[in-house]
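Encoded as structure tokens, the structure appears first; notes follow it.
The values are calculated or read from the model by the stated rules, or taken from the named source; none is laboratory data. All values derive from a computational prediction rather than experimental measurement. With ideal geometry, Cβ positions are generated from the backbone for all residues, glycine too; neighbour counts draw on all protein chains shown. Ligands, DNA and RNA are excluded from the accessible area calculation, which covers all protein heavy atoms including side chains. Shrake-Rupley method; radii C 1.70, N 1.55, O 1.52, S 1.80 Å.
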Amino acid sequence: MKSAPIHFGTIALILDQYLKENSFTSIFFLVDENTHVHCLPILLADLDNLYAYEILEVDTGEQNKNIETVENLWLALADLGADRHSLVINVGGGVITDMGGFMASTFKRGIKFINIPTTLLSQVDASVGGKNGIDLHGMKNMVGTFTEPEMVLIDPKFLKTLEQRQIKSGLAEMLKHGLIHDRDHWDNLVQLLSHNADDLAPFIMDSIEIKRQVVEQDPYEKGLRKILNFGHTIGHAIESESLETEFPLLHGEAIVIGMIIEAFLAESKGLLNAEERFEICDGFASLYALSTIDLTLFPHLIEWMSHDKKNKNNAINFSLVNKIGECTYNVICTENEIRLAFESYNNWVA
Ligand SMILES: NC(=O)c1ccc[n+]([C@@H]2O[C@H](COP(=O)([O-])OP(=O)(O)OC[C@H]3O[C@@H](n4cnc5c(N)ncnc54)[C@H](O)[C@@H]3O)[C@@H](O)[C@H]2O)c1
């Protein structure tokens, strides 16, 4: 799978050029309620040419990243006469790029799509790497395809309307990139005095470059790509559980907790030394408000983890950092080892 070109900066020029060179029968912008208001008008105003287009809008939020929403989108595409030569342009966060990529890569066995990520998380992570998909009955990303978009167009100016909580959620994946592959990146991000969109913009391409390098070596996640899942086996379980509550965590917030607990797990497996585990905990604690996990939920969390895509033969499979800037994968952990890591986390937070 050839990776999609990624353009950073003045994206309207590139989009204009691409649309001029390719005569699509129809163009569909997929947005959610927020990106419809905050991002699409900016993008359209920047385009030189007027193109005929349709807008597909979905309700915002992870709880809508499911087959019902996609079915409605497929029907809308069909009603509006989309054919194999139509183009979908996903304008939004990771929910939109994941779901829009899945919708496009399956409609009529696949139509072309472009990702224009508008959250920090989707710019540094979700829109890059060719993975797309939807949740199934709350189980994260259970159904999807590996399909690269035509291109990924990243403009940090979209981040100006993003809430600080969402910025911090995206920062979590940037910190992960540092932890698994590049100590300098981790140090740079942790040392920043503030973490708003402008402060983080210079580091966006560094994060993308780390992800791109990993994906290029292993596009279908047979091995190395699994390191990108550091923090996600436990983080996804916490995210799935929290989505069933009144106050769900954001993806990055759940992944932060996942990374810390998995750092304790790595330490207990003798992979990570105590000093670096401490440094990881300290780094996250300086950036995020953390609270203990209710361990009566542990059986549920294990249930969610047992559906993780990395598992094989019913064993729970982890990607664990073995030092800051390096990660190992295919580490099998027992339920007891995982429980002890949760307890260590709770003791540390309390
Ligand atoms: N495919 C991958 O490789 C990959 C990697 C990491 C995460 N993900 C997925 O990404 C999703 C999370 O992405 P997310 O955090 O971007 O969530 P999201 O798409 O729900 O966006 C977060 C919120 O920000 C709003 N928003 C988006 N852009 C905005 C803007 N510019 N201004 C104001 N508001 C804006 C959205 O409407 C939403 O309310 C999860 O489903 C996760 O599984 C996928």
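Here are some notes:
- Unmet criterion (only one of (1) over 22 Å from K20 (Cα atoms); (2) part of a strand (DSSP E or B); (3) in contact with a helix residue (DSSP H, G or I) (Cβ under 7 Å, 6 or more places away or on another chain); (4) not acidic (D, E)) for S169: (2)
- Filtered by the rule that a residue be out of contact with any Asp or Glu (no Cβ under 7 Å at 6 or more places or on another chain), crowded, with 24+ Cβ neighbours inside 10 Å and aliphatic (A, V, I, L, M), region 90-133 gives V91, M99, M103, A104, I116, L120, V128.
- Listed by position, the strands (runs of 3 or more DSSP E) inside region 82-155 whose residues that are more than 10 Å from the ligand (Cβ to nearest atom) number at least 2 are 86-92, 112-117, 139-143, 152-154.
- Positions within region 232-242 being touching a residue at least 40 places away in the same chain (Cβ under 8 Å) and more than 10 Å from the ligand (Cβ to nearest atom), in sequence order: T233, I234, A237, I238, S240, E241
- Tallying residues that are away from the ligand (no atom under 12 Å from the Cβ) and either open to solvent by 10 Å² or more (accessible area, probe 1.4 Å) or more than 16 Å from M259 (Cβ to Cβ) (or both) within region 220-231 yields 5.
- One residue from V256, V215, V190 being near the ligand (Cβ under 10 Å from one of its atoms), surrounded by 17 or more Cβ atoms within 10 Å (Cβ to Cβ) and either of a type in the set (V, I, T) or not assigned by TED's automatic domain parsing to the domain that holds Y345 (or both): V215
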